[in-house]
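K.L.:
A single structure is presented below for examination.
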Amino acid sequence: MTKAPKESPKATNGNEDNGAGKEASGPMLSVMAQYIKDFSFENPGSPNSLRPRQSSPEISININVGANGLSQTDFEVILKLEAKAQDGEEILFNVELTYGGIFRLQGLPQEAMQPALLIECPRLLFPFARQIVSDATRNGGFPPLMIDPVDFARLYQSRLAENQAGRQTN
């Protein structure tokens, strides 16, 4: 029998028997809860915004990730998705979703905590948030907006580079 490598935490949904009373054998990442923290869908030009168009609207999507400590092992991870569709100056729809999850991280080395919180946790939340946005745009009278998968590792690396560049200019 082989053990999982230390760099790869085991993800659980928080409902498995975690061996209470036994010492954890390796790193663990558990999803304790997930929820909509804030949600808004706007269709300001309806019903005119629903008419057929000659060209596809311009769609902009912004994604942000944040994490807050709740206890020594529990963290709230926030995934914020913003999507806006415009046809020229006319806003067709605007969706803002703040989707949260509570995660329990145990047995991870300190240097692995931030990457786990800002890469792995949002990766687990993303499919659910993506579905909410898709359903909202469809229910708003538009084709469902299917946001492409996100490379949270690349997003994390670019944020680190931005922070380091900001420190060097100060």
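The values are calculated or read from the model by the stated rules, or taken from the named source; none is laboratory data. Computed from a predicted model, the values in this text were never measured in an experiment. Here the Cβ is made from the backbone with ideal geometry for all residues, glycine too, and neighbour counts use every protein chain on show.
K.L.:
Does Leu79 qualify as being within 16 Å of Arg130 (Cα to Cα), free of Cβ contacts under 8 Å to residues at least 60 places away in the same chain and in contact with a helix residue (DSSP H, G or I) (Cβ under 8 Å, 6 or more places away or on another chain)?
P.N.:
yes
K.L.:
From Ile132, Ile119, which residue is of a type in the set (A, V, I, L, M) and closer than 19 Å to Leu92 by Cβ?
P.N.:
Unique residue meeting the criteria: Ile132.
K.L.:
Continuing with this model, one more query. Residues Ala112, Ala116, Ala85, Ala67: which one is small (Gly, Ala, Ser) and closer than 16 Å to Thr137 by Cβ?
P.N.:
Among Ala112, Ala116, Ala85, Ala67, only Ala85 is small (Gly, Ala, Ser) and closer than 16 Å to Thr137 by Cβ.
K.L.:
For residues in the range 75-95 being surrounded by fewer than 15 Cβ atoms within 10 Å (Cβ to Cβ) and assigned to a strand (DSSP E or B), which is modelled with the lowest pLDDT?
P.N.:
Glu90
K.L.:
So for the range 57-65 (the condition being at pLDDT 95 or above, of a type in the set (Asp, Glu) and surrounded by fewer than 16 Cβ atoms within 10 Å (Cβ to Cβ)), does at least one residue qualify?
P.N.:
Yes, the range 57-65 contains at least one residue that is at pLDDT 95 or above, of a type in the set (Asp, Glu) and surrounded by fewer than 16 Cβ atoms within 10 Å (Cβ to Cβ).
K.L.:
Still on this model: Surrounded by 15 or more Cβ atoms within 10 Å (Cβ to Cβ), modelled with pLDDT of 95 or more, under 24 Å from Ser30 (Cβ atoms) and of a type outside the set (D, E, K, R), is that true of Thr98?
P.N.:
Against the criterion (surrounded by 15 or more Cβ atoms within 10 Å (Cβ to Cβ), modelled with pLDDT of 95 or more, under 24 Å from Ser30 (Cβ atoms) and of a type outside the set (D, E, K, R)), Thr98 qualifies.
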